[in-house]
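Working notes for the structure below.
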Amino acid sequence: MPIIDLYGHELLRQRLSESVDAGTLPSSLLFQGQRGIGKQRLAIWLAERLLCAGENPACGKCTACRYVRELTHPDLHWVYPRPRLKDPDPDIDQVREDYAEATAERVENSGLYAAPSGSEGIFVATVRSLVLRAAMSPAMGRRKVIIVGDAERMVPQEGADMAANAFLKLLEEPPADTTIILTSSEPGALLPTIKSRVATVRVPLVPDSAVRAFVENPVVRKALDSDSRASTNERIRLAAGAPGRLLTRRDSAKATIGARKIIDAATSPRRAVHYSAALAQGSAGARGAFTDTLEALVDLLGERTREALLRKDDIAAAAASKAVDAVLRAQTQASGNVNPQAIAAKLIRELSSTLK
Ligand SMILES: [Zn+2]
C-alpha cells in the first residue's frame, strides 16, 4: 500500500527537478520550514525523483517508484526521532529493526503521522547506522538517498564524538552516489557545524487549496474523523498552511493542558501563581514533557493570533505573535542544557508582560 501523495509545493518540486536534471542538486540538503508542511514527504518525493528508473521521473509506475511510495526501497534510508531503546548501547541491527517496525507502522497509517514527542530523539546508534549505510553500494539502483527528519533532534551524547564527526564528514563529502536530506522546523536548534555543511532550501506553507485537497482525501478524512468532527473549512483554518499539524499525538492533550496552565498563570496578577506554574515544569529530567508543553503553547498562541486577526483586533494579534516569539526563544533554550523551571519562570514573566 503506498503512502498518500505530497500536497502542494509544486514550484519547489519543479525547481528541485530542474536541478536534478542539470546535475546541480547539492549532495547535502536541509529542508527548513514550519512543522506540518510536509518537509519529510517532500524529501521522500525527491528520493523518488532521484531513484526512479522510468522515462519520466518520478514516474510513479516503475518498481523503484513503487518501492519508494511503499517505503520499502532498499536505497532509501529514512530516520526520524524515536524513543530511546531499552538497551543503552544498541547495535546496528537493533536500530534497523526499530526503524523497520516504526516505518511499517507509518505505511500502515498511509504515511500519516504526528509530530514526535519531546522525549524522542535521533540517537548516536542511529547516526552510526547512517554512516555505515552511506559507505555501502546501492542495492537496487545507482543511487542512495538518506533522509533525516527533525534533524535538530540528533542528540549529542557523551562518547559520541566519533559518530558525530563521521556524520559531519559524510554531510561535507557524501559518496558520489548519495544524497542526504535533513529536515527541520527548528533550524535554530540545529548545530552550526551541521548547518554550515548543508544547502538550505526554504519550504513554504501549503496554500489552502492544497490543504483542502489533503483534508478531503478519504484516507486523511478517516484519520481526522477518529479524532474530531471538525468541518473541512474549520480544518483548513486550523491547519493554517501546515496540514500535518492536524495529525495530533494521543498524549498531546496533556501537553495542551500544561500549555493552558502557563497562559493562565501568565495572565494572572498573582505572582505566587507564576512561581507555582514554573515549578510545575520539573527539573532537567522532565525535559521531554516540557518540550511538548512548549510545542502546545506555540499552537495555542498561534490560534490566539488567528482568532484576533479574524476579529480584526490588531493589538491582541500583535501581542499573541510576540508571545509566540518568546516561546520560540524558550524552545531554543530548552534544547540546550537549561533547567525547564528556569526557562518557564522567564517565559511566564515575558508572557505576562505581552499578554495582559
Ligand atoms: Zn519511476
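The values are calculated or read from the model by the stated rules, or taken from the named source; none is laboratory data. It should be emphasised that the depicted structure is a prediction, and the values quoted were computed from it without experimental measurement. Every residue, glycine among them, receives a Cβ derived from its backbone with ideal geometry; neighbour counts consider all protein chains shown.
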Positions within the range 1-21 being within 14 Å of I181 (Cβ to Cβ) and touching a residue at least 24 places away in the same chain (Cβ under 8 Å), in sequence order: L6, H9, L12, R13, L16, V20
Contacts under 7 angstrom Cβ, first residue in the range 285-310 being at pLDDT below 80, partner among the hydroxyl-bearing types (S, T, Y), 6 or more apart: G288/S117; G288/S119
Those residues of the range 288-332 which are more than 18 Å from the chain's Cα centre (by Cα) and either outside the structural domain of I263 (by TED's automatic domain parsing) or not hydrophobic (A, V, I, L, M, F, W, C) (or both), in sequence order: E303, R304, T305, R306, E307, R311, K312, D313, D314, S321, K322, D325
Test: residue in the range 22-34 that is at pLDDT below 95 and over 24 Å from the mean Cα position of the chain (by Cα): no
Verdict on K169 being surrounded by fewer than 19 Cβ atoms within 10 Å (Cβ to Cβ), assigned by TED's automatic domain parsing to the domain that holds G111 and of a type outside the set (F, W, Y): yes
Residues of the range 269-284 satisfying the condition of being touching a residue at least 40 places away in the same chain (Cβ under 8 Å) and either more than 29 Å from P81 (Cα to Cα) or among the charged types (D, E, K, R) (or both): H274, Y275
Considering residues of the range 72-104 that are touching a strand residue (DSSP E or B) at 6+ places or on another chain (Cβ under 7 Å), touching a residue at least 40 places away in the same chain (Cβ under 8 Å) and of a type in the set (A, V, I, L, M, F, W, C) only, the residue nearest to the ligand (Cβ to nearest atom): L76
Flag if A139 is under 30 Å from A239 (Cβ atoms), in a loop (DSSP other than H, G, I, E, B) and not β-branched (V, I, T): no
Some residue of the range 22-29 being touching a residue at least 40 places away in the same chain (Cβ under 8 Å), in contact with a strand residue (DSSP E or B) (Cβ under 8 Å, 6 or more places away or on another chain) and within 16 Å of the ligand (Cβ to nearest atom): no
Residues (in a helix (DSSP H, G or I) and free of Cβ contacts under 8 Å to residues at least 40 places away in the same chain) located in the range 109-128: R128
Subset of the range 22-56 (residues that are out of contact with any Cys (no Cβ under 7 Å at 6 or more places or on another chain), closer than 16 Å to T178 by Cα and among the charged types (D, E, K, R)): R49
Number of positions in the range 35-71 that are within 28 Å of E97 (Cβ to Cβ), more than 10 Å from the ligand (Cβ to nearest atom) and in contact with a helix residue (DSSP H, G or I) (Cβ under 8 Å, 6 or more places away or on another chain): 10
